[in-house]
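Notes to accompany the following structure.
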Amino acid sequence: MRLIVFDNQKDIANFGADMIAEVINNNPCAVLGLATGSTPVPMYAELVRRYEAGELDFSTVRSVNLDEYYPLAPDNDQSYRYFMNHQLFDHINIDKNNTNVPDGLAADPAAACAAYEEIIRDLGGIDIQVLGIGGNGHIGFNEPAEALDPLTHLTDLTEDTIRANARFFESEADVPRHALTMGIGTILSARRILLIATGEAKAKAIATVLSGKLTTSCPASLLNLHSDVTILCDRAAVSLCDPSLLATL
Ligand code: PGA
């Protein structure tokens, strides 16, 4: 696990965009695993800037997103499909037919989840998976629990997550109570993982991840099983880490 601590968001966005650009430049048909939430927004803006500057070409890039609220229509302005279109896809030359987000209106969610796994398999797997992290240690919507699902599945959101995400909705009551999310195994099958964490609210979860111990009460800790994880943090996000551990990373 590689940890890099930055002084500001701009440097995080640049470094993250460098990693994604490297993947695309090595393979113009790369499969990007993408995440929503406020954390990756500056990095997406930097990718858009590079596209506009003629530095990046997304014309043959494919993408799969981590998760989607359920039930929620793709054109609902709170959906993750809407977020991806507005933050990234509408501003670059990616073919939207090559972008995948779980179907928030699936009549049969179990079948939709199995189909999503098949999409990822048919694409040849994920070259780089971008992740944020919840204050409770979730990745995607894999919430802390006694047991974690390996593959894409329908899940209930925890009260913590509903409260944390209410800032994007008019009221807490409007936050969907369920989501379709890649499972921990789906995430770990990505060839590279790029996790970004900023702010004090993520400090406890990041400290748990960096302790190196595995616990389902912090799903992100399972990333310690992967051999190619890069974590980009600001100083606030590492403020609860054991300094002697930080020195060894
Ligand atoms: P955030 O969400 O980027 O909006 O903090 C991250 C997450 O909950 O995974």
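For the reader, a short list of remarks on this structure follows.
- Residue, surrounded by the fewest Cβ atoms within 10 Å (Cβ to Cβ), within the range 143-158, restricted to residues that are within 14 Å of the ligand (Cβ to nearest atom) and over 18 Å from residue 38 (Cβ atoms): 158
- The range 69-116, subset surrounded by fewer than 21 Cβ atoms within 10 Å (Cβ to Cβ) and among the β-branched types (Val, Ile, Thr), residue farthest from the chain's Cα centre (by Cα): 92
- In the range 188-218, of all residues being over 18 Å from residue 233 (Cβ atoms) and not polar (S, T, N, Q), the one that is surrounded by the fewest Cβ atoms within 10 Å (Cβ to Cβ) corresponds to 213.
- Check on residue 4, surrounded by fewer than 17 Cβ atoms within 10 Å (Cβ to Cβ), at pLDDT 95 or above and in contact with a Leu (Cβ under 7 Å, 6 or more places away or on another chain): yes
- Any hit, the range 124-133, residues being outside any loop (DSSP other than H, G, I, E, B), at negative phi and either at pLDDT below 95 or more than 16 Å from the ligand (Cβ to nearest atom) (or both): yes
- Count - residues of the range 159-207 that are within 11 Å of the ligand (Cβ to nearest atom) and of a type in the set (S, T, N, Q): 4
- Unmet requirement for residue 130, which otherwise passes all of (1) over 19 Å from residue 161 (Cβ atoms); (2) touching a strand residue (DSSP E or B) at 6+ places or on another chain (Cβ under 7 Å): (1)
- Which numbered condition residue 119 fails, given (1) farther than 26 Å from residue 233 by Cα; (2) touching a strand residue (DSSP E or B) at 6+ places or on another chain (Cβ under 6 Å); (3) in contact (Cβ under 8 Å) with a residue 60 or more places away in the chain; (4) outside any loop (DSSP other than H, G, I, E, B): (3)
- Test: residue in the range 30-47 that is out of contact with any helix residue (DSSP H, G or I) (no Cβ under 8 Å at 6 or more places or on another chain), at pLDDT 95 or above, farther than 21 Å from residue 189 by Cα and crowded, with 22+ Cβ neighbours inside 10 Å: yes
- Qualifying residue in the range 102-112 (condition: over 30 Å from residue 57 (Cβ atoms), modelled with pLDDT of 95 or more and in contact with a helix residue (DSSP H, G or I) (Cβ under 7 Å, 6 or more places away or on another chain)): yes
- Of everything listed in (1) modelled with pLDDT of 95 or more; (2) farther than 20 Å from residue 105 by Cβ, the single unmet condition for residue 182 is (2).
- Listed by position, the helices (runs of 4 or more DSSP H) enclosed by the range 1-111 include none that has at least 2 residues that are away from the ligand (no atom under 16 Å from the Cβ) and hydroxyl-bearing (Ser, Thr, Tyr).
The values are calculated or read from the model by the stated rules, or taken from the named source; none is laboratory data. What you are looking at is a predicted structure, and each value in this text was computed from that prediction instead of being measured. With ideal geometry, Cβ positions are generated from the backbone for all residues, glycine too; neighbour counts draw on all protein chains shown.
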